[in-house]
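Enquirer: Have a look at the structure that comes next, please.
The values are calculated or read from the model by the stated rules, or taken from the named source; none is laboratory data. The structure presented is a predicted model; accordingly, all values stated were derived computationally and were not measured. Cβ sites come from the backbone with ideal geometry, for glycine too, and all protein chains shown count toward neighbours.
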Amino acid sequence: MFGIYIQRRKVIRAYFLRRLVYSAITLFVLATTIFGLVRLTGDPAILLTPEGATELERVQIREDLGLNDALPVQFARFIREVVTLDFGTSFHLGQSVTSVYFDRLPNSILLVTVAMAFSLALGIPAGIISAVYNGRWMDFAAKGLALTGMSIPGFVMALTMMFFFSVKFSWLPTFGIGTWKHLVMPGIALGWYFAASTLRLVRSTMLDVLSSDYVKLARLKGMTEQRVIMRHAFANVLIPLISLTGVNFVVMINAATIVEVIFVWPGLGSLLLEAVGERDFPLVQGIVVMSGTLIIITNFLIDLFYAWVDPRIRLTR
Amino acid sequence: MNVPDSNNSTKMPRKASRKGALEEASSGEIRNANKDSRSKVRAFLDFVKQLPVGSTLILGILVFFAICAPLLAPHDPIRPVEGIYTYTPAAWKDGGSWAQWLGTDFLGRDVWSRIIYGARVSVIVGLTGTAAAGAIGMVMGVVAGYFGGWVDAFIMRVVDAWLAIPTLVLAILLSMTLGASMWNIVLILGVVYWTRYARILRGEVLTLRERDFVKLAEVAGAGRIRIITRHIIPNVFNTWMVLASLTVGVVIVAEASLSFLGVGVPAPQPAWGSMLNDARAQLLTGRWWLMAAPAVAIGLTVLGANLFGDWLRVKLDPQQRNL
C-alpha cells in the first residue's frame with residue numbers, strides 16, 4: 001500500500017515536469033508567432049514619420065528602432081526580452097513597455113473582477129435553480145437567459161445599454177473611468193457571455209449529480225432538500241466551476257478589448273488595439289507575451305489542481 | 001395534482017386527432033403524385049417535420065435574404081438614394097418616408113437595403129469561415145491523433161499557444177497583413193478558430209486508433225492515408241458536424257466584431273458590424289433605429305445559429321458530452 005503511494009508521487013512528479021516543459025514550449029511558440037505576425041503587418045516607420053518625410057528619415061528611424069538588423073538578431077534580442085520580462089521601449093509612447101503594461105493592468109483587473117462577480121452572481125443561482133426545477137418554467141427562463149447570453153455579442157449589448165441607460169434615462173455615464181457608475185455597463189457587457197457559460201456548466205453538473213445514487217441515499221436518510229442541494233450537489237459543482245472561473249478570468253482580460261474600446265476604458269485591451277494600429281512592435285509583443293504567460297500559468301495550475309484533487313485522473317498522455 | 005392531469009387527458013386526444021387529420025390531408029395530396037417520388041417526398045417531409053421551428057425559420061429567412069437580396073432590396077445598398085445626400089428619418093418619424101422605411105445613413109443610402117445585403121456577408125462568412133476552420137482543425141486533429149509522438153506534441157503546443165493569444169488581436173494582425181477583403185476574412189477566421197476542432201478530434205482519434213477495425217486494417221496492409229480517409233474520418237464526422245454547428249455563431253460574431261472595429265469587410269460593402277459602427281455616433285442624436293436594425297439582425301442570426309447547433313448536438317451526440 002505504501003509502495004503504491006510512493007509510485008503515485010513519482011507519477012505526479014513526472015507529470016508535473018512534463019507539463020512544465022510543455023508550458024515552456026507553448027510560451028516559445030506563442031512568442032515566435034507574435035514576433036513573426038507583427039513584422040508581417042508592415043513598416044512602423046511610415047506611421048512614425050510625418051507625412052512628406054524623406055526616405056532618409058525613415059531609414060534613420062528604422063536604424064534607431066533596431067529594425068534594420070537581420071531578423072535572427074532581432075529574434076535573439078526579443079527572446080532575451082521575454083526571458084527577462086523587459087520588452088524595451090514603446091515606439092509611439094516612448095515609455096517602457098513594462099511600465100505602460102503595469103499602469104493599465106489594475107484597470108483591466110478592476111473591470112474583469114466586476115464582470116466576473118456579475119457573471120457568478122447571475123450564473124450560479126440561475127444554474128442551480130434551473131437544475132433543481134428541471135423542465136419547469138424557471139428552468140425555461142434560465143435556459144432563455146443562457147441562450148441570449150450566448151447569442152447577443154458583448155458589443156451589441158454594450159451599445160444597447162448605452163442607449164437606454166445613458167442617452168434615454170441618463171442614469172449612468174456614457175464612457176470613461178472614475179466612479180462605480182462607470183463600471184456598471186462595461187461590467188455587465190463583459191460578464192454577460194460568461195454568466196451564460198457559468199449557468200450552463202452549473203446546470204449540467206448539477207443535473208448529473210442530482211440523479212446519482214448518493215444523492216438518492218441522502219434523501220432516503222431524511223436529509224432536507226436544501227441540505228442535499230447545497231452540501232452534496234453543489235459541492236461537486238465547485239471543482240469544475242473553479243477551473244472555469246480561473247480560465248475565464250484570464251480570458252476576460254483579453255476578451256475585454258471591444259468593450260474597453262466602446263466605453264473608452266483605459267485597460268489592456270484598448271492599449272493592445274491601439275498598439276496594433278500603430279504597429280508598435282514592442283508594445284504588442286510585450287502585452288501578448290505577458291498576458292499569454294498569465295494564461296499558460298493558469299492552465300498549468302489548473303492541470304495540477306485537477307491531478308491533485310482527483311486521483312482518478314489519467315496522468316499519462 | 002389531479003387538475004393538470006385531467007386537463008392533459010382532454011387535451012391530448014384533440015391534439016393527436018388534429019395532427020392525424022393533417023397527416024391524412026398531406027398524404028392525400030401525395031397520393032396524386034407518382035409512386036416513385038412518393039416515398040422520397042414522405043422522407044423529405046419527415047425530415048422537415050423534425051427540424052426545430054424557430055431556428056429553421058430564422059436561418060431560412062436569412063438565407064432567403066442573402067440569395068434574393070437584389071430582388072428584395074428596394075434600393076442600391078452602395079449608392080445613395082436619388083436626391084438624398086444625408087440622414088433621413090425612419091418612416092414613423094416626421095419627414096420619414098415608407099420608400100426608405102428605416103431611413104438613410106450618413107451618405108443617404110437606404111438602411112433596409114443594406115441590412116438585406118448585409119445578410120450575404122454574414123451567411124457567406126459564417127458558413128465558409130466555419131468550414132475553413134473545420135478543414136484546418138480536421139487535418140491538424142487527425143494528424144496529431146493518428147501519428148502521435150512529437151508531431152502530436154508540437155501541434156498541441158501550437159493549439160495551446162493559439163488559445164493564449166487574444167482571438168481578436170490575432171485576427172486584426174492577420175487582416176493588416178493580408179489586407180481587408182471578404183475572402184481574406186474567411187481565411188483569417190479559419191486560421192483563428194481551428195484549435196477547438198483540432199483538440200477535440202485529436203482526442204477522438206486517439207481512442208479510435210486503438211479500436212480493432214483500425215488495427216485489422218493495419219494488419220491487412222492498408223496504407224496510412226487509406227486508414228485515415230476510410231476509417232478515421234468517417235468516424236469523427238458526427239463530432240465534426242456538431243462542432244461546426246456550434247462554431248457558426250462564434251464566427252458570425254467575430255466577423256461582426258472585426259467589421260465593427262473597421263478591419264473586417266471593407267467599406268462600401270454593407271456588413272452589419274460596420275453599420276453598427278457607423279450608427280454609434282448617432283445614439284446621441286436620437287436616431288436609434290440606425291443602431292437597432294443591425295443589432296437585431298446580428299442577435300437574431302446568432303440566436304438562430306445557436307438554437308440550430310444545440311438541436312444538432314442533441315441529435316448527433318446523444319451522450320451529451322460537453323463539447
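Enquirer: Could you pull out the residue among A:Leu67, A:Leu85, A:Leu56, A:Leu40 that is closer than 21 Å to A:Gly277 by Cα and modelled with pLDDT under 85?
Expert: A:Leu67
Enquirer: I'd like to verify a number: residues in region A:18-49 that are in contact with a helix residue (DSSP H, G or I) (Cβ under 6 Å, 6 or more places away or on another chain) and either farther than 19 Å from A:Gly286 by Cβ or among the small types (Gly, Ala, Ser) (or both), how many?
Expert: Of the residues in region A:18-49, 6 are in contact with a helix residue (DSSP H, G or I) (Cβ under 6 Å, 6 or more places away or on another chain) and either farther than 19 Å from A:Gly286 by Cβ or among the small types (Gly, Ala, Ser) (or both).
Enquirer: If B:Asn238 satisfies all but one of (1) at pLDDT 85 or above; (2) within 11 Å of chain A (Cβ to nearest Cβ); (3) over 16 Å from the mean Cα position of the chain (by Cα); (4) surrounded by fewer than 22 Cβ atoms within 10 Å (Cβ to Cβ), what's the number of the condition it fails?
Expert: Condition (2) is where B:Asn238 drops out.
The rows are residues; the columns are (1) in a loop (DSSP other than H, G, I, E, B); (2) free of Cβ contacts under 8 Å to residues at least 12 places away in the same chain; (3) more than 14 Å from chain A (Cβ to nearest Cβ); (4) surrounded by fewer than 19 Cβ atoms within 10 Å (Cβ to Cβ).
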residue: B:Leu102; (1), (2), (3), (4): yes, no, yes, no
residue: B:Tyr117; (1), (2), (3), (4): no, no, yes, no
residue: B:Met156; (1), (2), (3), (4): no, no, no, no
residue: B:Leu173; (1), (2), (3), (4): no, yes, no, no
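Enquirer: Going through A:Ser170, A:Ser166 one at a time, which residue ends up being within 14 Å of chain B (Cβ to nearest Cβ) and in a helix (DSSP H, G or I)?
Expert: A:Ser166
Enquirer: Also, I was wondering about something else. Residues of region A:65-82 being part of a helix (DSSP H, G or I) and closer than 16 Å to A:Leu283 by Cα, which ones?
Expert: Within region A:65-82, A:Leu65, A:Gln74, A:Phe75, A:Arg77, A:Phe78, A:Ile79, A:Arg80, A:Glu81, A:Val82 qualify.
Enquirer: From (1) assigned to a helix (DSSP H, G or I); (2) more than 9 Å from chain B (Cβ to nearest Cβ), pick out the condition that doesn't hold for A:Leu159.
Expert: The number of the failed condition is (2).
Per-residue answers, yes or no, for (1) touching a Ser or Thr at 6+ places or on another chain (Cβ under 8 Å); (2) within 30 Å of B:Arg280 (Cβ to Cβ):
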{"site": "A:Ile177", "(1), (2)": "no, yes"}
{"site": "A:Lys181", "(1), (2)": "no, yes"}
{"site": "A:Met185", "(1), (2)": "yes, yes"}
{"site": "A:Gly191", "(1), (2)": "yes, yes"}
{"site": "A:Leu201", "(1), (2)": "no, no"}
{"site": "A:Thr205", "(1), (2)": "no, no"}
{"site": "A:Ser212", "(1), (2)": "no, no"}
{"site": "A:Leu244", "(1), (2)": "yes, no"}
{"site": "A:Ala275", "(1), (2)": "yes, yes"}
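Enquirer: Tell me, which residue of region A:40-72 that is hydroxyl-bearing (Ser, Thr, Tyr) and away from chain B (no Cβ under 11 Å) is farthest from B:Val158 (Cα to Cα)?
Expert: Residue satisfying both the conditions and the ranking: A:Thr54.
Enquirer: So, one more: Pairs only if they're at least six apart or on different chains, beta carbon under 6 angstrom, first in region A:18-39 and more than 8 Å from chain B (Cβ to nearest Cβ), second part of a helix (DSSP H, G or I) and at pLDDT 90 or above; list them, first residue then second.
Expert: Short answer, once both residue conditions are applied: A:Ala31/A:Val289.
Enquirer: What about B:Asp317, is it among the acidic types (Asp, Glu) and more than 9 Å from chain A (Cβ to nearest Cβ)?
Expert: Yes: the conditions hold for B:Asp317.
Enquirer: Could you please find all residues in region B:195-216 being out of contact with any Phe, Trp or Tyr (no Cβ under 8 Å at 6 or more places or on another chain) and either crowded, with 17+ Cβ neighbours inside 10 Å or within 12 Å of another protein chain (Cβ to nearest Cβ) (or both)?
Expert: B:Arg196, B:Ala198, B:Arg199, B:Ile200, B:Arg202, B:Gly203, B:Glu204, B:Leu206, B:Thr207, B:Leu208, B:Val214
Enquirer: Are any residues in region B:227-258 of a type in the set (S, T, N, Q) and farther than 28 Å from B:Ile185 by Cβ, and if so, which ones?
Expert: B:Thr229, B:Asn235, B:Asn238
Enquirer: If you take the residues in region B:293-305 that are facing chain A (nearest Cβ under 8 Å) and surrounded by fewer than 24 Cβ atoms within 10 Å (Cβ to Cβ), which one is farthest from the chain's Cα centre (by Cα)?
Expert: B:Gly299
Enquirer: Given the conditions (1) assigned to a helix (DSSP H, G or I); (2) within 14 Å of chain B (Cβ to nearest Cβ); (3) closer than 22 Å to A:Asp208 by Cβ; (4) free of Cβ contacts under 8 Å to residues at least 12 places away in the same chain, and given that A:Gly149 satisfies all but one, which numbered condition is not satisfied?
Expert: The single condition A:Gly149 does not satisfy is (4).
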